[in-house]
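This report concerns only the one structure given below.
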Amino acid sequence: MQTRKISVGQRELGCRPGESVLDALLREQVEIAYGCRQGACQSCIARSLDGAPPAAAQAGLKDVLRHQNHFLACLCYPERDMAIGIGSPEQRFCQATVTGKQLLNAETLLLTLHTDQSLDYCAGQFVNLKRGDGLQRSYSIANNRVHARNLTFHIRRLAGGRFSAWAHDELKLGDLLEVSDPQGLCYYLPSGQPGNLLLIGTGSGLAPLAGIVSEALHHDHAGQIHLYHGSREMDGLYWVEEMRGLAAQHANFHYTPCVSRGDAPDGVASGRANDVAMKQLPDLKGWRVYLCGHPDMVQQSKRQAFLNGAKFDDIYADAFHVASATLD
Amino acid sequence: MSETTATLYEQLGGEAAVNAAVDIFYRKVLSDHRINRFFDHTDMDKQAAKQKAFLTMAFGGPNNYSGADMRQAHAHLVKKLGLDDSHFDAVVENLAMTLQELNVPQALIQQVAAIAETTRNDVLGR
Ligand SMILES: Cc1cc2nc3c(=O)[nH]c(=O)nc-3n(C[C@H](O)[C@H](O)[C@H](O)COP(=O)(O)OP(=O)(O)OC[C@H]3O[C@@H](n4cnc5c(N)ncnc54)[C@H](O)[C@@H]3O)c2cc1C
Ligand code: FES
């Protein structure tokens with residue numbers, strides 16, 4: 001056993017034999033949140049920046065966090081020198097060219113970007129798109145990993161929305177945008193367990209879910225895959241025929257479009273997508289659940305899914321919080 | 001009864017026990033009509049972490065809870081939503097039922113309830 005070097009930001013410190021990374025950081029007065037010092041509260045979470053951390057330091061973490069080399073500092077007894085990050089990392093951006101614009105419905109734009117380097121992302125993650133004047137917004141990647149340099153997005157126009165209305169009306173083919181590193185924990189790991197998947201999205205929340213479905217089918221996912229896409233009215237839905245086609249091709253993929261207002265035509269369920277899903281699938285024990293779109297839907301569905309038996313760690317969500325007008 | 005020097009936390013099974021209990025406990029709390037409205041507007045992720053920290057504490061495990069934290073965390077529930085003794089009792093009841101479901105011996109359940117009890121006045125802001 002020997003002292004290992006820990007680099008964190010600009011600092012370097014020694015982690016002594018038998019000492020956890022948390023204790024070393026605290027001894028050196030590096031600011032880090034902690035609670036139990038026993039791997040229970042997960043407040044001391046940190047990320048290894050130079051390869052996998054010791055497996056024992058990842059006990060109890062969600063699979064996607066393990067996958068991204070997060071670990072608990074209080075459980076980490078380094079076996080080598082480590083570079084670690086605490087708190088949120090700095091964003092890196094790459095350049096991208098607009099190669100496609102097409103309307104999916106009256107309010108949703110299918111935007112295709114070609115990036116100058118291939119991004120290492122997982123289906124379901126999002127990036128921040130930044131335009132020339134620095135304004136940036138988060139958008140989910142709508143395709144699977146097969147297209148590492150061609151990213152597609154579903155951008156819903158918000159009346160008066162600075163980025164979305166601009167992307168609809170002014171952004172042109174050939175224009176340049178900056179694309180951040182992929183982010184977020186709502187994604188599909190092909191190596192994950194084969195169980196059943198439930199995906200619920202409202203509006204452009206279909207984007208990451210469509211990416212996840214296509215990734216899962218691409219990997220011959222063994223369990224059942226149930227997708228519910230909801231909107232208020234029929235004209236808020238899109239890709240209905242495409243998803244029906246996919247369901248016809250794959251026996252384990254099931255698709256239910258839902259409208260919460262007005263009459264639902266044949267083949268479309270009436271009601272909010274999450275309510276329809278939870279009623280049809282009352283027992284979610286062992287399921288993985290993906291929720292994307294309206295923040296209220298996401299919050300409500302998390303609870304419903306949990307009460308229907310899904311384990312908390314098996315619920316993945318991205319709430320499409322709209323950046324407020326005063327934030328930037 | 002065999003002589004033992006193990007702490008309550010160890011006797012209950014440590015972190016593994018907390019993990020086993022937290023899902024059952026939280027499911028009970030969210031399904032309990034007496035108290036689930038207090039959780040209507042909370043973020044499930046943050047709440048689940050807090051439940052875990054609470055159980056760790058109640059199980060006699062390592063924790064950094066201070067009375068002031070407890071007060072601060074519950075102050076708005078007391079003020080705005082009328083959190084009172086009956087709700088506190090309901091939570092303790094759910095905790096005991098959770099442990100029963102996990103076949104924890106009654107003597108240990110009583111110890112857990114006694115630790116939870118020590119937070120009553122802080123939680124209720126008295
Ligand atoms: C993780 C994540 C993933 C996301 N993924 C997607 C996605 O895949 N697709 C998607 O379409 N969206 C997605 N979003 C939402 C997206 O990031 C933007 O928030 C959204 O497009 C709105 O940005 P905007 O600049 O157009 O609107 P903003 O300019 O930020 O305006 C937001 C709202 O406020 C209103 N507003 C603006 N200024 C004022 C004012 N002065 N007074 C009153 N009201 C005002 C606007 O009318 C609009 O309704 C995601 C969000 C997150 C957090
Ligand atoms: S301090 Fe609680 S998990 Fe590390």
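The values are calculated or read from the model by the stated rules, or taken from the named source; none is laboratory data. The model shown is predicted, which means the values in this text are computed figures rather than measured ones. Positions of Cβ are backbone-derived with ideal geometry, glycine not excepted, and every protein chain shown enters the neighbour counts. Calculation scope for accessible area: heavy atoms of the full protein, side chains included, ligands and nucleic acids excluded. Shrake-Rupley method; radii C 1.70, N 1.55, O 1.52, S 1.80 Å.
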* Starting from the Cα of A:Gln2, step 7 Å along the direction of its Cβ; do the same at A:Ala248; then give the gap between the two resulting points in nm. => 6.6 nm
* To do: Enumerate the lysines that A:Lys130 could reach by cross-link, defined here as Cα to Cα under 16 Å, with residues fewer than 8 away along the same chain left out.
  => A:Lys172
* Assuming a ≥ b ≥ c are the square roots of the Cα gyration tensor eigenvalues, decide whether segment A:188-328 counts as rounded (a/c under 1.5), prolate (otherwise, with a/b larger than b/c) or oblate. => rounded
* **Shape of chain B, Cα gyration tensor, a/c cut at 1.5** => prolate
* Asked: What are the residues whose amide H is under 5 Å from the amide H of A:Arg137, where those residues sit 5 or more places off or on another chain and H is modelled from the backbone?
  -> A:Leu129
* Accessible surface of the protein assembly as shown, 1.4 Å probe, proportion on carbon and sulfur as whole % -> 49 percent
* **Order by protection proxy (mean Cβ within 10 Å, highest first), peptides A:191-197, A:265-271** => A:191-197, A:265-271
* Helix axis angle, A:240-249 relative to chain A longest principal axis, alpha carbon, degrees -> 70 degrees
* Asked: Using the Kirkwood radius built from alpha carbon pairs, what does the Stokes-Einstein equation give as D for segment A:12-150 at 10 °C and 1.306 mPa s, in µm² per second?
  -> 89 µm²/s
* Just the accessible area per residue of segment A:1-112, please: how many Å² with a 1.4 Å probe? -> 51 Å²
* Asked: Non-local amide H neighbours of A:Tyr255 (under 5 Å, H modeled in plane, Pro and chain starts lacking H): which ones?
  -> A:Leu227
* What is the spin-label model distance, in nm, from A:Ser270 to A:Gln68 if the labels are put 7 Å beyond Cα along the C-beta direction? -> 4.2 nm
* Structure fact -> In order over segment B:74-86: 3J(HN,Hα) from phi, Karplus 6.51/-1.76/1.60, θ = phi - 60°, whole Hz, x for each Gly or Pro, gives 9, 3, 5, 6, 5, 6, 8, 10, x, 4, 9, 3, 4
* Asked: Can you list the residues, at least 5 places off or on another chain, whose amide H is less than 5 Å from the amide H of A:Cys76, using H built in the peptide plane?
  -> A:Val21, A:Leu22
* Asked: Rounded to the nearest 100 Å², what is the sum over both chains of accessible area buried where B meets A, with a probe of 1.4 Å?
  -> 1700 Å²
* Asked: Straight-line reach from A:Lys302: which aspartates and glutamates have Cα under 13 Å away, leaving out those fewer than 8 places along the same chain?
  -> A:Asp275, A:Asp313, A:Asp314, A:Asp318, B:Asp40, B:Asp43, B:Asp45
* Asked: Cα axis of helix B:44-58 to longest principal axis of chain B: angle in degrees, 0 to 90, nearest 10?
  -> 50 degrees
* Taking a label point 7 Å from the Cα of A:Leu173 along the Cα→Cβ vector, which residues of segment A:75-104 have an amide N closer than 17 Å to it? -> A:97-104
* How many Cβ atoms of partner chains, on average, are near each residue of A:51-61 if near means within 10 Å of its Cβ? -> 1
* Asked: With the other protein chains left in place, how much accessible area per residue, in square angstrom, belongs to segment A:224-328 at a 1.4 angstrom probe?
  -> 50 Å²
* If you count, for every residue in A:305-316, the Cβ atoms of partner chains within 10 Å of its Cβ, what is the mean? -> 3
* **segment A:276-292 - phi-based ³J(HN,Hα) in whole Hz, Karplus 6.51/-1.76/1.60, Gly and Pro as x** => 4, 4, 5, 6, 6, 10, x, 10, 9, 4, x, 7, 9, 10, 10, 10, 9
* Structure fact -> Going residue by residue through segment A:120-134, the Karplus relation 6.51 cos²θ - 1.76 cosθ + 1.60 with θ = phi - 60° gives ³J(HN,Hα) values, rounded to whole Hz and with x marking Gly or Pro, of 8, 10, 10, 4, x, 6, 10, 10, 9, 9, 10, 9, x, 7, x
* **Whole-number percent relative contact order across segment A:17-87, with pairs defined as alpha carbons under 8 Å at least 6 apart** => 40 percent
* **Between 0 and 90°, nearest 10: helix B:106-117 axis offset from chain B longest Cα axis** => 30 degrees
* Cα-based shape type of segment A:169-261, given that a ≥ b ≥ c are square roots of the gyration tensor eigenvalues and the cut on a/c is 1.5 -> oblate
* Structure fact -> Hydrodynamic calc, segment A:255-305: Kirkwood Rh from Cα pairs, then Stokes-Einstein at 37 °C with viscosity 0.692 mPa s, so D in µm² s⁻¹ is 279 µm²/s
* Taking each residue of B:42-50 in turn, how many C-beta atoms of other protein chains fall within 10 Å of its C-beta, and what is the average? -> 4
